[in-house]
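K.L.:
Below you will find the structure I want to go over with you.
The values are calculated or read from the model by the stated rules, or taken from the named source; none is laboratory data. Predicted, not measured: the structure shown is a model, and the values here were computed from it. Methodologically, a virtual Cβ is constructed for each residue, glycine included, from the backbone with ideal geometry; neighbour enumeration extends over all protein chains shown.
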Ligand code: NAD
Ligand code: MG
């Protein structure tokens with residue numbers, strides 16, 4: 001039987017790793033709908049290459065360009081939010097949710113409501129509305145499979161084991177490009193320096209989050225929801241080689257860990273395989289002798305305050321992670337645009353968390369509420385940014 005796979009965020013880094021795997025296993029999979037943000041040419045090319053049945057762009061104004069680029073292909077298409085939801089509604093056995101940021105919430109949730117098996121890369125869904133997502137996955141009998149490498153490793157290390165038998169779960173961080181840098185040097189770092197990830201190749205936003213360690217903070221929140229485990233039993237360790245991705249410490253002292261080369265196709269293949277193991281052509285096998293040594297060190301929350309802020313938001317619970325994520329998305333965009341220095345990210349995020357702690361104390365009941373909080377905090381954060389140099 002051929003399985004139909006729909007890809008949300010198909011033109012991105014995770015999307016492309018996914019289509020690479022699907023092409024390698026053409027006898028097993030066919031591509032259903034593909035969804036992108038605003039790049040009509042890239043989405044049309046991808047849709048033609050993969051033989052997708054439907055292509056949707058989130059940006060409505062790019063509709064005419066998409067129509068033009070797909071003319072003669074026979075591929076149905078659309079643009080705007082309704083087209084994205086139309087794509088999600090099309091028949092699929094697996095939906096890969098790989099839109100970046102809070103923009104992924106609605107389409108990912110729509111897939112859950114249809115009871116789809118969702119391979120989840122969009123961690124923001126769980127960060128912004130984790131309670132609602134986990135509740136609705138159960139309610140609509142949808143499976144959530146973790147694509148994020150650390151969580152995928154944890155799921156594999158946990159196996160059929162019980163979370164009640166777990167003493168703690170640890171996710172690893174590469175430490176990012178600034179792992180060994182002094183605070184003063186990090187303070188003056190450029191966006192290009194922050195985006196130069198040492199081990200993984202990823203989209204721009206997650207690259208910056210990896211440099212600030214906010215990505216690890218988001219992942220702690222993601223793990224809390226996915227495995228239904230309290231913040232006190234979750235931690236982070238820095239592991240520059242990115243070979244061990246997640247560790248499960250059991251009550252009896254045994255530890256099981258998930259290891260793999262830093263290649264996102266490994267966790268994606270685990271999700272797409274639905275219990276079968278898929279081979280990965282052109283994947284480099286893990287060679288521990290060649291790696292030589294695996295090293296570990298504690299994360300430094302003084303140089304990487306975003307990790308401390310995210311931990312606090314996780315402990316705080318309620319809507320604190322939703323607020324934090326919104327402010328972080330605005331701050332990261334401002335950093336990329338050269339409007340604020342690197343530590344300006346942590347500064348803005350912390351100010352937003354303080355400002356909204358009382359306003360948004362309880363967890364969003366549903367995706368709409370999470371998105372309303374997200375919109376409010378984004379607007380506030382944009383106002384709170386320094387006036388752009390160009391406008392001065
Ligand atoms: P990316 O920026 O490379 O790709 C994002 C994709 O989303 C693109 O196809 C883009 O066109 C699309 N998109 C953007 N805005 C959209 C919108 N409003 N509506 C519809 N589509 C939109 O990002 P990425 O690195 O592939 O990351 C995707 C998600 O996966 C993120 O949530 C990220 O945290 C998570 N993730 C990524 C990696 C990785 O290695 N890249 C690892 C773990 C988790
Ligand atoms: Mg990860």
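K.L.:
Given 108, 117, which one is in contact with a strand residue (DSSP E or B) (Cβ under 7 Å, 6 or more places away or on another chain), near ligand 1 (Cβ under 10 Å from one of its atoms) and under 16 Å from residue 89 (Cα atoms)?
P.N.:
108
K.L.:
Taking region 233-247 as the search range and keeping residues that are over 8 Å from residue 258 (Cα atoms) and outside any loop (DSSP other than H, G, I, E, B), which one is farthest from the chain's Cα centre (by Cα)?
P.N.:
233
K.L.:
Go through (1) in a helix (DSSP H, G or I); (2) in contact (Cβ under 8 Å) with a residue 12 or more places away in the chain; (3) away from ligand 1 (no atom under 11 Å from the Cβ) one by one and return the number of the condition residue 219 breaks.
P.N.:
So the condition that residue 219 fails would be (3).
K.L.:
Taking the criterion of being over 22 Å from residue 318 (Cα atoms), out of contact with any strand residue (DSSP E or B) (no Cβ under 6 Å at 6 or more places or on another chain) and within 16 Å of ligand 2 (Cβ to nearest atom), would at least one residue in region 152-175 satisfy it?
P.N.:
Looking for residues that are over 22 Å from residue 318 (Cα atoms), out of contact with any strand residue (DSSP E or B) (no Cβ under 6 Å at 6 or more places or on another chain) and within 16 Å of ligand 2 (Cβ to nearest atom), one finds at least one in region 152-175, hence yes.
K.L.:
From the set of residues in region 184-203 that are surrounded by fewer than 16 Cβ atoms within 10 Å (Cβ to Cβ) and within 16 Å of residue 333 (Cβ to Cβ), which is nearest to ligand 2 (Cβ to nearest atom)?
P.N.:
Of everything passing the filter in region 184-203, 192 is nearest to ligand 2 (Cβ to nearest atom).
K.L.:
So which pairs qualify, if the first residue must be in region 1-20 and at positive phi and at pLDDT 95 or above, the second must be near ligand 1 (Cβ under 6 Å from one of its atoms) and in a loop (DSSP other than H, G, I, E, B), the Cβ gap must be under 7 Å, and the two must be at least 6 apart or on different chains?
P.N.:
Hits for this filter: 9/98; 9/99; 9/100.
K.L.:
Just to be sure before I move on: is residue 63 within 16 Å of ligand 2 (Cβ to nearest atom), part of a helix (DSSP H, G or I) and either at pLDDT 95 or above or touching a helix residue (DSSP H, G or I) at 6+ places or on another chain (Cβ under 9 Å) (or both) in the structure I sent?
P.N.:
No: the conditions fail for residue 63.
K.L.:
For region 88-129, which residues satisfy the criterion of being more than 16 Å from ligand 2 (Cβ to nearest atom), in contact with a helix residue (DSSP H, G or I) (Cβ under 6 Å, 6 or more places away or on another chain) and outside any helix (DSSP H, G or I)?
P.N.:
95, 118
K.L.:
Within region 47-88, which residues are without any contact (Cβ under 8 Å) to a residue 40 or more places away in the chain, within 20 Å of residue 100 (Cβ to Cβ) and out of contact with any strand residue (DSSP E or B) (no Cβ under 6 Å at 6 or more places or on another chain)?
P.N.:
Answer for region 47-88, where residues must be without any contact (Cβ under 8 Å) to a residue 40 or more places away in the chain, within 20 Å of residue 100 (Cβ to Cβ) and out of contact with any strand residue (DSSP E or B) (no Cβ under 6 Å at 6 or more places or on another chain): 59, 61, 80, 81, 85.
K.L.:
Continuing with this model, one more query. Just checking, which of 299, 326, 310 is part of a loop (DSSP other than H, G, I, E, B) and in contact with a helix residue (DSSP H, G or I) (Cβ under 7 Å, 6 or more places away or on another chain)?
P.N.:
When all the criteria are applied, what remains is 299.
K.L.:
Condition first: part of a strand (DSSP E or B), in contact with a strand residue (DSSP E or B) (Cβ under 8 Å, 6 or more places away or on another chain) and more than 18 Å from residue 155 (Cα to Cα). Can you find one or more residues in region 252-273 that meet it?
P.N.:
No: zero hits.
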